[in-house]
Amino acid sequence: GNAVKRADPSTIHNKFLVGYQGWYACAGDAYNDSIQPIYDGWLHWFNSPIPAGGHPNIDLWPDVWSMFADYTPTELFRVPGLKHANGMQAVLFSSRDRRTVWRHFHWMAVHGVDGAFLQRPLHDVDPEQGNDALRNLRDEVGDRVRDAAEMEGRVFAIMYDVSGVAPDRVKRVLEQDWMHSIRRKVLDSPMYLRERGRPVVALRGFDVSEAAHSPSMVRAIARFVRENTPGGAYIVASVPAYWRTGVTDAGPDQECLRVWLEEFDAISPWTVGEYGNEEEADRFERETIKGDVELIGQHNVEVEDSPGATRKVDYIPVIFPGRSAHNLSEGNLDWNDCPRKGGHFMWRQLFNVSRHGVRSVFGAMWDGYDEGTALMPVVSYRRQLPVHEKYRFMALDEDDHDLPQDWYMRICGFAAEGLRGERPIHESLPLDELRDYWATGHR
């Protein structure tokens, strides 16, 4: 097959980048002494073990045994109270294992995915709230990610999510943690993503309004990050889907709009859950993406014509394979509320954004099993799922498609090739090529 090319860490452009949460822990993973009291060690997989009255936080069940997953037995941990129909013990992986994180980045490399935004939830890194154990975990996983990215030639950058932290504390906590990351020399990695020499960092979860995160506060945070990062920073605003029009989930006034356009280097609207089928995705493209791209283009023309004006802004759309978070929401969200349709749903989003000349795309999420957005391997068939009298789980044949476990990683690979100009992105999902993925020069 073709040699795996190292991703270029000097630019964010012409890349397919994924979100990497890296937040799963298992009781007995040999690293969990400090987090054992948190979910009884089963961080993000369960709220607590099922035999203790807990519930699973995932619908999608990870593939851990096939040739595509290839975990070693010592990377997998027995799940209390959960077995398969044949009596085999259910097992899951821990994001704290160095080999496991390397494996996840190795899959990025062999599928041509350029790298990842490492998620860093702000509420996990707030020592003032007694979250030292969780911050240590995020640092630990960050070290694993850095090592894996360097080993596999993938880029990485930090993405903060400020949701879950009181608005009056967001600025202080984020500024403290960003300086903490700089002191830990995270940005010194040769594979840390940069644009025009400046380290990339993304900020997500702002509700820009006077009632929540005021425009002046968001401006102050962006300026702090830019001014206190050696060489400056390239800051991505992961904004609400309707950031431009101010409807549904975004701030309502022009000052909010000016914050995004004047203080950030890129805008990346968060669209997970905003539409649930191909028709709705098409409507979102017509009614929202088209106007977003036009506004940013107009802004950039004005910047070119006005010496000393604010910076140009890039546009980085988000696409996702589907969603199901029934167990995570304790039944409040419908089962399979956003069906994957065998990849057709994700491909339609890719086709829609590619028509607007975008140079980078964010795929949500590489390991998003808990919200049902995972791009990493999922078991193919219902018969391979664990069985339980109270809880059910999901395989790739939920929508009656017969797919290999790594199907969505293959789609990511084609998306990356399209962004690098190595293949056209046509309207129809290239089913035959995807099925022949490993027979056509891919490694």
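Using a 1.4 Å probe, what is the accessible area per residue for the chain, in Å²? Write out the running numbers ahead of the final one.
On the way: 17220 Å² over 443 residues.
For the chain, the solvent-accessible area averages 39 Å² per residue.
Backbone amide hydrogens, once placed in the peptide plane, bring Ile267 within less than 5 Å of Ala237, Asp314, Tyr315, Ile316, excluding anything fewer than 5 places away on its chain. Accessible surface of the chain, 1.4 Å probe: 48 percent of it comes from carbon and sulfur atoms.
Kirkwood hydrodynamic radius for segment 202-338: how many Å is it when counted over pairs of different Cα atoms?
16.3 Å
Taking every Cα-Cα distance in segment 1-152 and sorting them into 5 Å bins starting at zero, the pair-distance distribution P(r) comes out as 2, 8, 16, 20, 19, 15, 10, 6, 2, 1, 0 percent. Taking amide H positions as modeled 1.01 Å from N, with prolines and chain starts lacking one, the residues under 5 Å from Arg120 and 5 or more places away or on another chain are Met159, Tyr160, Asp161. I want the local charge near Asp97. Using Cβ-Cβ distances under 10 Å, sum +1 for each Lys or Arg and -1 for each Asp or Glu among the other residues. Here the count lands on +3.
At 222 nm, what helix-only mean residue ellipticity would the chain give, in deg cm²/dmol to the nearest 500, using -39500 (n - 2.57) for each DSSP H run of four or more?
Details: 10 runs with 128 residues, N = 443.
Rounded to the nearest 500, it is -9000 deg cm²/dmol.
Out of segment 352-382, which chymotrypsin sites (Phe, Trp or Tyr not before Pro) are coil in DSSP terms and have no more than 13 other C-beta atoms within 10 Å?
Values: sites: Phe362, Trp366, Tyr369, Tyr381; in loops: Trp366, Tyr369, Tyr381.
For chymotrypsin sites (Phe, Trp or Tyr not before Pro) across segment 352-382 that sit outside H, G, I, E and B with at most 13 neighbouring Cβ atoms in 10 Å, the list reads Tyr381.
Would you mind giving the three semi-axes, in whole Å and largest first, of the ellipsoid equivalent to the chain according to its Cα gyration tensor?
On the way: eigenvalues 213, 135, 93 Å².
Equivalent-ellipsoid dimensions as semi-axes: 33, 26, 22 Å.
Compute the distance from the alpha-carbon center of segment 269-327 to that of segment 380-413, in whole Å. When both Cα centres are located, 30 Å separates them. Pull up the cross-link candidates among the lysines for Lys15, meaning alpha carbon to alpha carbon under 24 Å and not fewer than 8 places away within one chain. Correct list for Lys15: Lys5, Lys290, Lys312. 3J(HN,Hα) along segment 218-224, derived from phi through the Karplus expression 6.51 cos²θ - 1.76 cosθ + 1.60 where θ = phi - 60°, amounts to 5, 4, 5, 5, 4, 5, 4 Hz, with x in place of Gly and Pro. Among Leu333, Leu419, Leu118, the largest mean-square fluctuation in a Gaussian network model of the chain, built with springs joining Cα atoms closer than 10 Å, belongs to Leu333. Using the Karplus relation 6.51 cos²θ - 1.76 cosθ + 1.60 with θ = phi - 60°, the per-residue 3J(HN,Hα) values for segment 150-158 come to 5, 5, 9, x, 10, 8, 8, 8, 8 Hz, with x marking Gly and Pro. Straight-distance candidates among the aspartates and glutamates for linking to Lys83, with alpha-carbon spacing under 16 Å and chain neighbours fewer than 8 residues away dropped: Asp59, Asp63, Glu389. Here the 3J(HN,Hα) profile of segment 138-148, calculated from phi with Karplus coefficients 6.51, -1.76 and 1.60 at θ = phi - 60°, is 4, 5, 4, 5, x, 5, 4, 5, 4, 4, 5 Hz, Gly and Pro shown as x. Here segment 311-443 is described by how far its Cα atoms reach on the three principal axes: 52, 42, 22 Å, from widest to narrowest.
A straight Cα-to-Cα reach below 21 Å connects Lys341 with none of the lysines, residues fewer than 8 places away in its own chain not being considered.
I'd like the antiparallel share, as a percent to the nearest 5, of DSSP beta bridges with both residues in the chain. Walk me through the intermediate numbers first.
Details: 11 of 45 bridges.
Antiparallel bridges: around 25 percent, rounded to the nearest 5.
The values are calculated or read from the model by the stated rules, or taken from the named source; none is laboratory data. Since we're looking at a predicted model, the values are computed, not measured. Cβ atoms come from the backbone with ideal geometry, glycine included; neighbour counts cover every protein chain shown. Areas reflect the complete protein model, heavy atoms only, side chains present, ligands, DNA and RNA absent. Shrake-Rupley method; radii C 1.70, N 1.55, O 1.52, S 1.80 Å.
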